[in-house]
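Here the structure comes first, spelled out in structure tokens, and everything after it is commentary.
The values are calculated or read from the model by the stated rules, or taken from the named source; none is laboratory data. This is a predicted model, so every value here is computed, not measured. All Cβ positions, even for glycine, are placed from backbone atoms using ideal geometry, and neighbour counts span all protein chains on display.
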Amino acid sequence: MMRVYALLCLSFFTLIWGCNEQSSVEKATKNGILILGNNAEPQSFDPHIATSVGDMHIINTLMEGLVRGDPANDDKYHPGVAQSWQSNQQANEWIFHLRKDALWSDGAPVTSGDFAYAFHRLLHPNFGGRYADMLYPLIHAEEYNKNNRGIILCKSSIEQLIPQEKLAQISPNTWNKLNNMSLVELTQLQETPNLIPWAESLTNGEKAHIISLMIADAQAGKPDLWDKAQVGVECPDSHTLVLKLRSPMPQLPLLLLHITWFPLPQHILENRGGILDRTGSWTRPGKAVSNGPFVMGTHRFNDYVEVIKNPSYHAANRVKLNAIRFLPIVNGFTETRMFFDGKIHITNNVPPEMSDLAHQRAGNNYRQENYYTTIFYRLNTKHPPLNDVRIRQALSMAVDRDTLVREVVRGAGTPAYGFTPPGAGYQTPKQIKFNPQRARQLLAQAGYPNGKGFPRLELMTTSREVQKTMAEAIQAMWQKHLNIHIDIRSCEWTAYKFAQNTMQYDISSSSWSGDYLDPSTFLDLWTSQSGNNNTGWNTPNFDDKLNQARHTGNIPQRMTLLQQGEDIMLDQAPVIPLYWAKRCYLKRPEVKGWHPLLLDNHVPEAITLKESSLPTNPKKEESHD
Amino acid sequence: MIKMILKRMAQGVLVLFILETVTFFLIRLMPGHPFMGEKNLPSHVLAQLQANYGLDESAIVQYAHYWQNILLHGNLGPSLIKEGIGVSDILAQAFPVSLSIGIWGMIISILTGIPAGILAALYKNKWIDWSVMLCAMAGICIPAFVLAPLFGIGLGMHIPGLSVAGWDDPYCIILPALTLGLVNAAYLARLTRGGMLEILSMDFIRTARAKGASPLRVIITHSLKGGLLPAISYLGPAFAAMITGSFVVETCFQVPGMGQHFVNATTDRDYFLIQGLVLFYGFLIVVANLVVDIIQMLINPRLRSQES
């Protein structure tokens, strides 16, 4: 019996000892395959359905938009599908000339119609595109996406009996009611138009006109209004695309780098369920069609996604990699171990706890690079005492951000004394200061001298370890500097998100990443219109500044207005900015052409793999010792 | 005996039905919904998404649709998070992975746990017994999320061929199977020891010894049959649990099995995926228990006579 056991064990170990001379990374490097840690398992490769950063990394290798990013600078761009472009003086009308050799991977040309089709799909009110608001800069896009049928029909009716200003006087609520009425309800309304509140300036004839338009629409079965909505996208010919914007936008090309502006293969989608199909079957391995440097190769759930070089890409000769493999590794500890075991070229994230070890073992291959993300606490300004601006300011002033970043986050960030991370030529107004004494004064003025009588507030975090430690540190800072006690509640992600969206929290640990390189992606959050505000705070002053910034085509003036806006916001303190995140990761020396980027959108054709003289397998390294 | 098996099967179907019904309504009581993303959804977009999947209907109608899809079309429904991918596609990819790890884990746990338990029982209160029970206690107490990284760092990093984590060569199965197997071996060893001790103290064993049967014969032919009963009744559900994957082992070793889906589907509120996984897991548990019942009836004549 014992002998059989011993034999079994022996044969088992000789078996594994004798194999695997090379690590995964060495083999991959030889074959020109880049292996990346990519956080979570992707949800979709359809650019209109995907929402996570990891999905976007994959889609960025598969698809190409009008312009192409720069390998080393977030604020630079190059021709992509568009060979050249020009805008008018106000920068609200842009003409793009598409290259003739841009092809889909099935050989069909990429046309301006593919862009218009893509914009139509994302904005289609029955599609349910989560990132549809990315296209709102296009004129009329918002009213089409929100299905404001009444306004669209009035504007597009041939008679155009009612002037625009009058239409604008009708309240959004009235429009909503009109849009949602059935044919029966509308017929009733025709008899007694005053069932709903109209604008006073409207004559009876005008009301009747609107109702008759709505009735005709309901009789036709409320069809898609894309043609009538006149969204600002036109295709004069198959290789010219005209974009008309609702306001001047000199920074438009930077927006176009985002996946929501990419074209879709209309000829394929029309054969696979049409414009409203959400199954994304056209992106699945074996059936996928794309126009970027890579095409979809393999996808095994929770295992890996592999994209392979696309020979019909117009710049295929510049693409040096044969394939990229994305591994969905959520656990940062596992990922770091895998890196040191020679399984990954570049990791997604090194947890702060492993920061020292990573630095010690990997030296320069451990990177901490600025990332376009702010970590902050939302304050529920509807919950007393947080409705008092002095309390909010006091809480913010009592946070020692330098210590927080040094001790808790372990250098994975820069202390944030403003909200918008620096970048894109924007100077963040840094008006927050760590000042415990002033904080205590403010607290006393608000009626809580030395924290006496301060109600127990709750600080909500997700279940991530870093967030919990950070919350404990800040809890201690408030206890020490303000003598107030805050409870910590950590919940799993969806419950956390739900509580935040429905404002069932006092203080909520939050983060925000920019979709594109522009301060407005951070500041738009705090307008009264924003769906992601969730603090209950807004003020007309701030809205005004942002609105003015939107309507100026002058870049320096726009930046000044945004700064003034941020000043107002920071002064009112609906949030406590903590730090601007850094992306901490490990990178093997074989990978060349991978530069620090704020948005982390790497251009795959710039990346090469060179076999390095460094030992890639730590086991061999150790066996020599 | 056939009557008994049929009865158990009918019970199993009932259990599955209740399990699925309770799951269906409980997951809809959790806060949040499947379409919760990083960004808030405008209400018109959320309404459209819910309408796409029939989630705008009342829970009862959804429930009826769900069973209709399963019973009439054999369709477990779509994943709500991975749009366009069916729950059955996910199961089809993840189950073979968990199955292979589970089977290897099972083999490891049987090959180590049962002999260790027998040895401990034979050398009761000797150093062998103490050391086996110490290891078993440690195996039960040390959670897999400690054991897995320890194996990864201790073995995976140093033995060429083994890898700390990943699923890119056939040897990647070794450490996850070892972790899963040893944790279960600990339970098995304790159960086997207990079962064997009880049998070894019985009169018929003394008789067998008195008749002059060799010690090996006493163990193998006389005591094992009865002594293994507790271990066998544990093995059924344990096997079902092992082949459906462990979240901890899978995330620590980066293995694409079913355990990760279980946890992620719940935190993501992927309703159909949760229901599909629960149904599948429940089915395996029911089948495993049935198999255990049959085996026990075959081994233990008393059970057979009781039932008939």
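Hey, does the range B:7-27 have a residue that's at the interface with chain A (Cβ under 10 Å from one of its Cβ atoms) and closer than 30 Å to A:Ser511 by Cβ?
Kept after step one, since they are at the interface with chain A (Cβ under 10 Å from one of its Cβ atoms), are these residues of the range B:7-27: none.
No: the range B:7-27 contains no residue that is at the interface with chain A (Cβ under 10 Å from one of its Cβ atoms) and closer than 30 Å to A:Ser511 by Cβ.
Counting just the residues of the range B:97-141 that are within 30 Å of A:Phe301 (Cα to Cα), crowded, with 18+ Cβ neighbours inside 10 Å and among the polar types (S, T, N, Q), which one comes out farthest from the other protein chains (Cβ to nearest Cβ)?
Across the range B:97-141, the extreme among qualifying residues is B:Ser109.
Being under 23 Å from A:Gly37 (Cβ atoms) and surrounded by 19 or more Cβ atoms within 10 Å (Cβ to Cβ) is a condition met by at least one residue of the range B:179-201. Return yes when B:Ile81 is under 24 Å from A:Leu269 (Cβ atoms), in contact (Cβ under 8 Å) with a residue 40 or more places away in the chain and either more than 9 Å from chain A (Cβ to nearest Cβ) or surrounded by 16 or more Cβ atoms within 10 Å (Cβ to Cβ) (or both) and no when it is not. Against the criterion (under 24 Å from A:Leu269 (Cβ atoms), in contact (Cβ under 8 Å) with a residue 40 or more places away in the chain and either more than 9 Å from chain A (Cβ to nearest Cβ) or surrounded by 16 or more Cβ atoms within 10 Å (Cβ to Cβ) (or both)), B:Ile81 qualifies.
Taken over the range B:158-175, residues that are in a helix (DSSP H, G or I) and closer than 24 Å to B:Cys135 by Cα amount to 3. Restricting the first member to the range A:328-351 and to residues that are more than 11 Å from chain B (Cβ to nearest Cβ), and the second to residues that are part of a loop (DSSP other than H, G, I, E, B) and of a type in the set (A, V, I, L, M), the beta-carbon pairs closer than 7 Å and six or more apart or on different chains are A:Asn348/A:Ile329.
A:Asp106 satisfies every condition listed in (1) within 14 Å of chain B (Cβ to nearest Cβ); (2) surrounded by fewer than 22 Cβ atoms within 10 Å (Cβ to Cβ); (3) in a loop (DSSP other than H, G, I, E, B) except (1).
Residue by residue through the range A:140-156, note down the ones that are of a type outside the set (S, T, N, Q) and in a helix (DSSP H, G or I). A:Ala141, A:Glu142, A:Glu143, A:Tyr144, A:Arg149, A:Gly150, A:Ile151, A:Ile152, A:Leu153, A:Cys154, A:Lys155, listed by residue number. For the range A:23-37, name all the residues that are crowded, with 23+ Cβ neighbours inside 10 Å and within 12 Å of chain B (Cβ to nearest Cβ). Passing the criteria: A:Ser24, A:Val25, A:Ala28, A:Ile35, A:Gly37. Taking the stated definitions as given, is A:Leu614 modelled with pLDDT under 95, assigned to a loop (DSSP other than H, G, I, E, B) and surrounded by fewer than 21 Cβ atoms within 10 Å (Cβ to Cβ)? Yes. For the range B:32-42, does any single residue satisfy the condition of being within 14 Å of another protein chain (Cβ to nearest Cβ) and of a type in the set (Phe, Trp, Tyr)? Yes, that holds for at least one residue.
From the list A:Tyr313, A:Tyr366, exactly one residue is more than 10 Å from chain B (Cβ to nearest Cβ), touching a His at 6+ places or on another chain (Cβ under 7 Å), of a type in the set (Phe, Trp, Tyr) and crowded, with 22+ Cβ neighbours inside 10 Å. Which is it?
A:Tyr366
Scanning the range A:57-93 for residues that are small (Gly, Ala, Ser) and under 24 Å from the mean Cα position of the chain (by Cα) gives A:Gly65, A:Gly69, A:Ala72, A:Gly80, A:Ala82. Looking only at residues of the range B:131-169 that are among the aromatic types (Phe, Trp, Tyr) and touching a residue at least 60 places away in the same chain (Cβ under 8 Å), we find that the one that is farthest from B:Met258 (Cα to Cα) is B:Phe145.
Exactly one residue among A:Glu270, A:Glu234 is among the charged types (D, E, K, R) and within 12 Å of A:Ala116 (Cα to Cα), and that residue is A:Glu234. If you go through the range A:61-93 and keep only what is in contact with a Ser or Thr (Cβ under 7 Å, 6 or more places away or on another chain) and either part of a loop (DSSP other than H, G, I, E, B) or under 15 Å from A:His239 (Cβ atoms) (or both), you end up with A:Met63, A:Asn92.
When the range B:1-52 is limited to residues that are under 26 Å from A:Ala132 (Cβ atoms) and in contact (Cβ under 8 Å) with a residue 40 or more places away in the chain, the one that is surrounded by the fewest Cβ atoms within 10 Å (Cβ to Cβ) turns out to be B:His33.
So that you can scan it fast, the table gives a plain yes or no per residue for (1) within 28 Å of A:Arg300 (Cα to Cα); (2) within 13 Å of chain A (Cβ to nearest Cβ):
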position	(1), (2)
B:Ser233	no, no
B:Ser246	yes, no
B:Phe253	yes, yes
B:Thr267	yes, yes
B:Val278	yes, no
B:Gly282	yes, no
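Residue-wise test of (1) acidic (Asp, Glu); (2) more than 13 Å from the chain's Cα centre (by Cα); (3) buried (at least 18 other Cβ atoms within 10 Å of the Cβ); (4) more than 20 Å from B:Pro96 (Cα to Cα).
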site	(1), (2), (3), (4)
B:Pro237	no, no, no, no
B:Thr251	no, yes, yes, no
B:Phe262	no, no, yes, no
B:Ile274	no, yes, yes, no
B:Gly282	no, no, yes, no
B:Leu290	no, yes, no, yes
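Within the range A:194-225, the set of residues being in a helix (DSSP H, G or I) and over 18 Å from A:Gln169 (Cβ atoms) comprises A:Leu195, A:Ser212, A:Ile215, A:Ala216, A:Asp217, A:Ala218, A:Gln219. Checking each residue in the range A:1-46 for being aliphatic (A, V, I, L, M), closer than 30 Å to A:Val330 by Cβ and at pLDDT below 60 picks out only A:Ile16.
Within the range B:142-157, identify whether any single residue is surrounded by fewer than 18 Cβ atoms within 10 Å (Cβ to Cβ), in a loop (DSSP other than H, G, I, E, B) and away from chain A (no Cβ under 14 Å), and answer yes or no. Yes: one or more hits. Of the numbered criteria (1) in contact with a Ser or Thr (Cβ under 9 Å, 6 or more places away or on another chain); (2) among the hydroxyl-bearing types (Ser, Thr, Tyr); (3) crowded, with 18+ Cβ neighbours inside 10 Å, the one B:Tyr66 fails is (1). None of B:Gly227, B:Gly257 is crowded, with 18+ Cβ neighbours inside 10 Å, touching a Gly at 6+ places or on another chain (Cβ under 7 Å) and within 14 Å of chain A (Cβ to nearest Cβ) except B:Gly257.
Counting only strands (runs of 3 or more DSSP E) that sit wholly inside the range A:443-523, those with at least 3 residues that are within 14 Å of another protein chain (Cβ to nearest Cβ) are A:486-491, A:507-513.
Among the conditions (1) modelled with pLDDT under 95; (2) within 25 Å of A:Val295 (Cα to Cα), A:Gln89 misses just one, which is (2). Across the range B:15-63, the number of residues qualifying as under 27 Å from the mean Cα position of the chain (by Cα) and closer than 22 Å to A:Glu492 by Cβ comes to 10.
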